[in-house]
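Below: one structure, written as structure tokens.
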Amino acid sequence: MSAPGEMADEQTLSRLLIVRHGESVAMAEGIVGGPRGCRGLTDRGRAQAAALRDRFASGREPEVHVAYSSPLPRARETTDIVLPALGSGSDRGKLEVRLHDDLEEMRLGPADGMTWEAARERFGFIQPMDQPYTPVVEGGESRAGFRHRVAQALNDIAAAHTGKTVFVGCHGGISSAAMAMAFGIPPSHRGVGVVTAVTAITELELLEFNGRRLWQVRRFNDAAHLAAVEAA
């Protein structure tokens, strides 16, 4: 904050629209959806992504200059469905998706592709809230490692696209980790379990404020477009 009577020097460096994928086959079947287990979207998930596309096509969302996606099929498919409505001016509908491996959901190693029930029975997942620096399952990531990966990826993307609005097609865990990053919440803090709806938008801006760079949350879990899908 600036001192009384002092003007704040604030500049928006970049904006991220962090978007969770639509309903996936892995979600519907109770499968751990890593690279092996993810088989893309359900029909309902495609309808949800189409509703998000229509929202961007309406012109009521910020113009998007760059599009990124997690490589996992459910996120890539969601991004591809929305892509024709993204872009600005003559570039609308012409953006190419940039895949970023570090936008994947938390990596659960050998549990990938198993049912959640079978994976819990076999591996006895560590609760990340209790032991944030211990891998959730042997051969997978810890919560702290996951958050660090996500924060690094989002900061790198923001730094690479100064002055731009970036669409980031990803996962609920990425949205949660992004909020922890924005609020400076350490991995050891127990009260960070935020959940986003499918295809919800979480909007962050990277600001330069009186010589400091910091994140500002503009909105979280904005899924107003799903009303039309739910009513169908």
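Can you put H148, H171 in order of accessible area, largest first, using a 1.4 Å probe? Numbers along the way, then the final one.
Values: H148 120, H171 0 Å².
Result of the area sort, largest leading: H148, H171.
With the Cα gyration tensor of the chain giving a ≥ b ≥ c as the square roots of its eigenvalues, does the rule (a/c under 1.5 for rounded; else a/b larger than b/c for prolate; else oblate) give rounded, prolate or oblate? Could you put the intermediate results ahead of the total?
Details: a/c = 2.00, a/b = 1.18, b/c = 1.69.
Cα axes put the chain in the oblate bin.
For the chain, the fraction of 1.4 Å probe accessible surface lying on carbon and sulfur atoms is 49 percent. The listed peptides 41-49, 180-188, ordered by packing as a protection proxy, come out as 41-49, 180-188 (highest mean of other Cβ atoms within 10 Å first).
For GluC sites (Glu not before Pro), the sites in the stretch 66-121 that DSSP calls loop and that have at most 15 other Cβ atoms within 10 Å are E96. On a per residue basis, the stretch 134-222 carries 40 Å² of accessible surface, using protein heavy atoms and a 1.4 Å probe. Since only L154, M106, F56 are under comparison, the one whose Cα sits farthest along the positive direction of the charge dipole of the chain, derived from C-beta charges on Lys, Arg, Asp and Glu, is F56. DSSP beta bridges fully contained in the chain are about 60 percent antiparallel.
Heavy atoms only, probe 1.4 angstrom, no DNA, RNA or ligands counted: give me M114, M179 ranked by accessible area, highest first. Walk me through the numbers on the way to the answer.
Numbers: M114 40, M179 20 Å².
Solvent-accessible surface, decreasing: M114, M179.
Please give the contour-minus-distance gain from A231 to S88: 0.36 nm per residue of separation, less the Cα-Cα distance, rounded to one decimal in nm. Extending this stretch completely gives an extra 48.4 nm.
Could you rank I157, I31 by how accessible they are, 1.4 Å probe, largest area first?
Values: I157 5, I31 25 Å².
Putting I157, I31 in descending order of accessible area: I31, I157.
Backbone phi angles across the stretch 31-41, fed through the Karplus curve with coefficients 6.51, -1.76 and 1.60 (θ = phi - 60°), yield HN-Hα couplings of 9, 6, x, x, x, 7, x, 7, 10, x, 8 Hz in residue order; Gly and Pro are listed as x.
The values are calculated or read from the model by the stated rules, or taken from the named source; none is laboratory data. Only a predicted model underlies this, so the values are computations on that prediction, with no experimental measurement involved. Note that each Cβ is placed from the backbone with ideal geometry, even for glycine, and that neighbours are counted across all protein chains shown. We work out accessible area using only protein heavy atoms, side chains counted, and drop any ligands, DNA or RNA first. Shrake-Rupley method; radii C 1.70, N 1.55, O 1.52, S 1.80 Å.
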